[in-house]
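For reference, the structure is listed below as C-alpha coordinates.
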Amino acid sequence: MNQAERRLHDLLIERLEADPTVDEPLSRTILAAWSGADALTAEVAGHEAGDTAVTSTPSTDPAPDVYLAAVHVEGFRGVGPRATLPLRPGPGLTLVTGRNGSGKSSFAEAAELALTGDSRRWSGRTVVWRKGWRNLHAPTKAFIGVDLVTAGAPGVTRIARRWPEGEELTGGQWTRQLSGAEREDFDGAAWREDMVTYRPFLSYSELGALIDGKPPSCTTRCTTCSGSGR
(Lines give C-alpha, C1' and ligand atoms only; values in the text may rest on other atoms or scores of the structure.)
Protein backbone atom coordinates (compact mmCIF):
# COMPACT_ATOMS: atom_id res chain seq x y z
CA MET A 1 0.00 0.00 0.00
CA ASN A 2 1.57 3.28 -1.10
CA GLN A 3 1.21 6.61 0.68
CA ALA A 4 -1.74 7.79 -1.41
CA GLU A 5 -3.61 4.52 -0.87
CA ARG A 6 -2.88 4.65 2.86
CA ARG A 7 -4.34 8.17 3.09
CA LEU A 8 -7.49 7.03 1.28
CA HIS A 9 -7.73 4.00 3.61
CA ASP A 10 -7.42 6.28 6.66
CA LEU A 11 -10.08 8.63 5.27
CA LEU A 12 -12.41 5.71 4.60
CA ILE A 13 -12.10 4.45 8.19
CA GLU A 14 -12.66 7.94 9.59
CA ARG A 15 -15.80 8.43 7.47
CA LEU A 16 -17.18 5.03 8.47
CA GLU A 17 -16.57 5.73 12.15
CA ALA A 18 -18.22 9.15 11.91
CA ASP A 19 -21.37 7.97 10.05
CA PRO A 20 -24.04 6.81 12.57
CA THR A 21 -26.01 5.08 9.77
CA VAL A 22 -23.19 2.60 9.08
CA ASP A 23 -23.33 -0.44 11.35
CA GLU A 24 -20.51 -2.92 11.95
CA PRO A 25 -21.57 -5.51 9.30
CA LEU A 26 -21.79 -2.82 6.62
CA SER A 27 -18.48 -1.32 7.73
CA ARG A 28 -16.83 -4.76 7.49
CA THR A 29 -18.20 -5.25 3.98
CA ILE A 30 -16.97 -1.85 2.80
CA LEU A 31 -13.50 -2.40 4.25
CA ALA A 32 -13.39 -5.87 2.72
CA ALA A 33 -14.26 -4.39 -0.67
CA TRP A 34 -11.38 -1.96 -0.21
CA SER A 35 -9.00 -4.85 0.54
CA GLY A 36 -9.84 -6.64 -2.72
CA ALA A 37 -12.04 -9.20 -4.40
CA ASP A 38 -10.82 -12.13 -2.28
CA ALA A 39 -11.51 -10.33 0.99
CA LEU A 40 -14.95 -9.23 -0.22
CA THR A 41 -15.82 -12.77 -1.35
CA ALA A 42 -14.77 -14.15 2.04
CA GLU A 43 -16.79 -11.50 3.86
CA VAL A 44 -19.95 -12.15 1.81
CA ALA A 45 -19.51 -15.90 2.25
CA GLY A 46 -19.26 -15.36 5.99
CA HIS A 47 -22.54 -13.44 6.00
CA GLU A 48 -24.26 -16.21 4.06
CA ALA A 49 -22.94 -19.00 6.26
CA GLY A 50 -23.58 -17.12 9.49
CA ASP A 51 -21.31 -16.95 12.49
CA THR A 52 -20.00 -20.42 13.28
CA ALA A 53 -17.62 -21.23 16.10
CA VAL A 54 -14.56 -23.10 14.91
CA THR A 55 -12.23 -25.02 17.21
CA SER A 56 -8.66 -25.33 16.01
CA THR A 57 -5.34 -26.48 17.37
CA PRO A 58 -3.09 -23.55 18.34
CA SER A 59 -0.30 -23.08 15.84
CA THR A 60 3.27 -23.66 16.93
CA ASP A 61 4.67 -21.72 13.98
CA PRO A 62 6.71 -18.61 14.85
CA ALA A 63 4.84 -15.31 14.75
CA PRO A 64 5.25 -13.41 11.45
CA ASP A 65 7.21 -10.18 11.27
CA VAL A 66 5.14 -7.02 11.82
CA TYR A 67 6.23 -3.57 10.66
CA LEU A 68 5.10 -0.05 11.55
CA ALA A 69 3.55 1.73 8.55
CA ALA A 70 2.17 4.94 10.08
CA VAL A 71 1.48 6.78 13.34
CA HIS A 72 -1.66 8.90 13.77
CA VAL A 73 -2.05 11.52 16.50
CA GLU A 74 -4.79 13.99 17.44
CA GLY A 75 -5.11 16.12 20.58
CA PHE A 76 -2.16 14.38 22.22
CA ARG A 77 0.97 16.04 23.68
CA GLY A 78 2.36 18.49 21.12
CA VAL A 79 -0.04 17.57 18.32
CA GLY A 80 -3.42 19.33 18.01
CA PRO A 81 -5.37 18.64 14.80
CA ARG A 82 -4.97 15.10 13.50
CA ALA A 83 -1.59 14.47 11.89
CA THR A 84 -0.06 11.35 10.37
CA LEU A 85 3.57 10.27 10.24
CA PRO A 86 3.87 7.83 7.29
CA LEU A 87 6.72 5.32 7.48
CA ARG A 88 8.20 2.80 5.10
CA PRO A 89 7.34 -0.59 6.64
CA GLY A 90 10.15 -3.12 6.57
CA PRO A 91 13.07 -4.55 8.54
CA GLY A 92 15.78 -2.31 9.96
CA LEU A 93 16.06 0.76 12.17
CA THR A 94 13.77 3.73 11.52
CA LEU A 95 15.07 7.22 12.33
CA VAL A 96 12.67 10.17 12.65
CA THR A 97 14.40 13.55 12.51
CA GLY A 98 13.10 17.11 12.68
CA ARG A 99 13.51 20.48 14.32
CA ASN A 100 12.63 21.13 17.96
CA GLY A 101 8.87 21.29 18.48
CA SER A 102 8.07 19.47 15.25
CA GLY A 103 6.32 16.63 17.10
CA LYS A 104 8.94 13.86 17.07
CA SER A 105 8.52 13.00 20.75
CA SER A 106 4.73 13.21 20.50
CA PHE A 107 4.63 10.69 17.65
CA ALA A 108 7.11 8.39 19.41
CA GLU A 109 5.19 8.49 22.70
CA ALA A 110 1.91 7.92 20.86
CA ALA A 111 3.29 4.85 19.07
CA GLU A 112 4.70 3.38 22.27
CA LEU A 113 1.51 4.06 24.23
CA ALA A 114 -0.69 2.58 21.49
CA LEU A 115 1.37 -0.61 21.32
CA THR A 116 2.30 -1.15 24.96
CA GLY A 117 -0.24 0.82 27.01
CA ASP A 118 2.56 2.86 28.64
CA SER A 119 5.49 5.14 27.86
CA ARG A 120 8.97 4.59 29.30
CA ARG A 121 9.65 8.32 29.12
CA TRP A 122 6.83 9.08 31.55
CA SER A 123 7.87 6.59 34.23
CA GLY A 124 10.03 9.09 36.12
CA ARG A 125 7.85 12.15 35.56
CA THR A 126 5.72 13.95 38.15
CA VAL A 127 1.96 13.58 38.33
CA VAL A 128 1.54 17.18 37.15
CA TRP A 129 3.63 16.48 34.05
CA ARG A 130 1.67 13.33 33.27
CA LYS A 131 -1.66 15.14 33.59
CA GLY A 132 -0.63 17.58 30.85
CA TRP A 133 -0.87 14.97 28.09
CA ARG A 134 -3.81 16.57 26.28
CA ASN A 135 -3.13 19.22 23.65
CA LEU A 136 -4.67 22.58 24.61
CA HIS A 137 -5.60 23.32 20.98
CA ALA A 138 -7.73 20.15 20.69
CA PRO A 139 -9.19 19.54 24.17
CA THR A 140 -12.46 17.83 23.20
CA LYS A 141 -11.04 14.48 22.14
CA ALA A 142 -7.73 12.68 21.82
CA PHE A 143 -6.70 9.89 19.51
CA ILE A 144 -3.53 7.91 18.83
CA GLY A 145 -3.11 5.02 16.44
CA VAL A 146 -0.56 2.95 14.57
CA ASP A 147 -0.91 1.10 11.28
CA LEU A 148 0.86 -2.26 11.17
CA VAL A 149 1.77 -4.37 8.15
CA THR A 150 2.30 -8.10 8.64
CA ALA A 151 4.85 -9.84 6.41
CA GLY A 152 3.15 -12.12 3.91
CA ALA A 153 -0.36 -10.85 4.68
CA PRO A 154 -2.45 -8.26 2.80
CA GLY A 155 -3.99 -5.17 4.36
CA VAL A 156 -3.23 -3.03 7.39
CA THR A 157 -4.01 -3.57 11.08
CA ARG A 158 -4.73 -0.49 13.17
CA ILE A 159 -4.11 -0.37 16.92
CA ALA A 160 -5.69 2.74 18.41
CA ARG A 161 -6.71 4.45 21.60
CA ARG A 162 -9.44 7.06 21.92
CA TRP A 163 -10.30 9.36 24.81
CA PRO A 164 -13.48 11.46 25.00
CA GLU A 165 -13.37 14.88 26.59
CA GLY A 166 -12.49 14.74 30.28
CA GLU A 167 -11.21 11.15 30.23
CA GLU A 168 -7.95 10.44 32.06
CA LEU A 169 -4.91 9.03 30.29
CA THR A 170 -5.38 5.65 31.99
CA GLY A 171 -8.92 5.43 30.58
CA GLY A 172 -10.13 5.65 27.03
CA GLN A 173 -10.84 2.82 24.61
CA TRP A 174 -7.98 0.65 23.33
CA THR A 175 -8.90 -1.16 20.11
CA ARG A 176 -7.57 -3.28 17.27
CA GLN A 177 -8.98 -3.38 13.75
CA LEU A 178 -7.72 -6.03 11.33
CA SER A 179 -7.96 -5.37 7.62
CA GLY A 180 -11.54 -5.94 6.47
CA ALA A 181 -12.78 -6.60 10.01
CA GLU A 182 -14.69 -4.66 12.63
CA ARG A 183 -13.01 -2.82 15.48
CA GLU A 184 -12.57 -4.86 18.66
CA ASP A 185 -11.35 -4.22 22.20
CA PHE A 186 -7.63 -4.79 22.73
CA ASP A 187 -5.37 -4.99 25.78
CA GLY A 188 -1.97 -5.84 24.29
CA ALA A 189 -1.71 -9.10 26.23
CA ALA A 190 -0.69 -11.11 23.15
CA TRP A 191 2.64 -9.31 22.84
CA ARG A 192 3.16 -7.63 26.22
CA GLU A 193 6.07 -9.90 27.20
CA ASP A 194 7.79 -9.45 23.84
CA MET A 195 7.38 -5.67 24.05
CA VAL A 196 9.23 -5.67 27.37
CA THR A 197 11.96 -8.10 26.30
CA TYR A 198 12.47 -6.67 22.80
CA ARG A 199 11.39 -3.07 23.32
CA PRO A 200 11.11 -1.53 19.83
CA PHE A 201 11.61 2.08 20.96
CA LEU A 202 14.96 3.76 21.57
CA SER A 203 15.61 7.12 23.22
CA TYR A 204 18.33 9.44 21.93
CA SER A 205 20.71 8.16 24.62
CA GLU A 206 19.90 4.51 23.93
CA LEU A 207 20.39 5.03 20.20
CA GLY A 208 23.79 6.60 20.87
CA ALA A 209 24.78 3.62 23.01
CA LEU A 210 23.69 1.26 20.22
CA ILE A 211 25.86 3.06 17.68
CA ASP A 212 28.89 3.66 19.93
CA GLY A 213 28.75 0.36 21.75
CA LYS A 214 28.81 2.13 25.12
CA PRO A 215 26.17 2.29 27.88
CA PRO A 216 24.35 5.64 28.13
CA SER A 217 25.80 8.08 30.62
CA CYS A 218 23.58 8.84 33.60
CA THR A 219 24.75 12.46 33.44
CA THR A 220 22.81 12.82 30.20
CA ARG A 221 19.12 13.64 30.46
CA CYS A 222 17.39 11.02 28.34
CA THR A 223 13.88 9.78 27.73
CA THR A 224 14.58 6.52 29.56
CA CYS A 225 15.34 7.78 33.07
CA SER A 226 14.86 11.56 32.61
CA GLY A 227 18.21 12.23 34.29
CA SER A 228 17.19 10.55 37.53
CA GLY A 229 20.17 8.17 37.37
CA ARG A 230 18.02 5.02 37.48
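Provide the three semi-axes, in whole Å and in decreasing order, of the ellipsoid equivalent to segment 164-204 as defined by the square roots of 5 times the Cα gyration tensor eigenvalues.
Taking √(5λ) for each Cα gyration eigenvalue gives 23, 18, 10 Å.
When ranked by the protection proxy of mean other Cβ atoms within 10 Å per residue, highest first, what sequence do the peptides 136-148, 98-110, 13-25 form?
Going by the mean number of other Cβ atoms within 10 Å, highest first, we get 136-148, 98-110, 13-25.
How many percent of the accessible area of segment 69-146 is carbon or sulfur, using a 1.4 Å probe?
The nonpolar share, carbon plus sulfur, comes to 54 percent.
Would you please give the FRET efficiency between residue 153 and residue 131, computed as 1/(1 + (r/R0)^6) with r the Cβ-Cβ distance and R0 = 45 Å, to the nearest 0.05?
Efficiency computed from Cβ-Cβ geometry: 0.70.
Roughly speaking, what is the stretch gain from residue 170 to residue 33, that is 0.36 nm per residue apart minus the C-alpha to C-alpha distance, in nm to one decimal?
The residue 170-residue 33 span can extend by a further 45.8 nm.
What FRET efficiency would be calculated for the residue pair residue 11, residue 184, taking the C-beta separation as r and a Förster radius of 30 Å, to the nearest 0.05?
In this case the efficiency is close to 0.90.
Which of rounded, prolate or oblate describes segment 94-167 when judged by the alpha-carbon gyration tensor and an a/c cut-off of 1.5?
prolate
Can you classify segment 136-178 as rounded, prolate or oblate using the Cα gyration tensor, where a ≥ b ≥ c are the square roots of its eigenvalues, rounded means a/c under 1.5, and otherwise it's prolate if a/b beats b/c and oblate if not?
Cα axes put segment 136-178 in the prolate bin.
Please give the peptides 170-176, 188-194, 84-90 ranked by average Cβ packing (other Cβ atoms within 10 Å per residue), highest first, as a rough proxy for protection.
In decreasing order of mean packing, 170-176, 188-194, 84-90 become 84-90, 170-176, 188-194.
Give me the net charge for the shell around residue 132: Cβ to Cβ below 13 angstrom, other residues only, Lys and Arg +1, Asp and Glu -1.
+3
Taking only protein heavy atoms into account and a 1.4 Å probe, give the accessible area per residue of segment 64-201 in Å².
55
Give me the number: length gained by fully extending residue 104 to residue 22, i.e. 0.36 nm times residue separation minus the C-alpha to C-alpha distance, one decimal in nm.
Length gained, residue 104 through residue 22: 26.0 nm.
The values are calculated or read from the model by the stated rules, or taken from the named source; none is laboratory data. Since the structure is predicted, the reported quantities are computational estimates derived from the model, not experimental observations. In this analysis, Cβ positions are derived from the backbone assuming ideal geometry, glycine residues included, and neighbour counts consider all displayed protein chains. The protein model used for the area step is the full one, side chains on, heavy atoms only, and it has no ligands, DNA or RNA in it. Shrake-Rupley method; radii C 1.70, N 1.55, O 1.52, S 1.80 Å.
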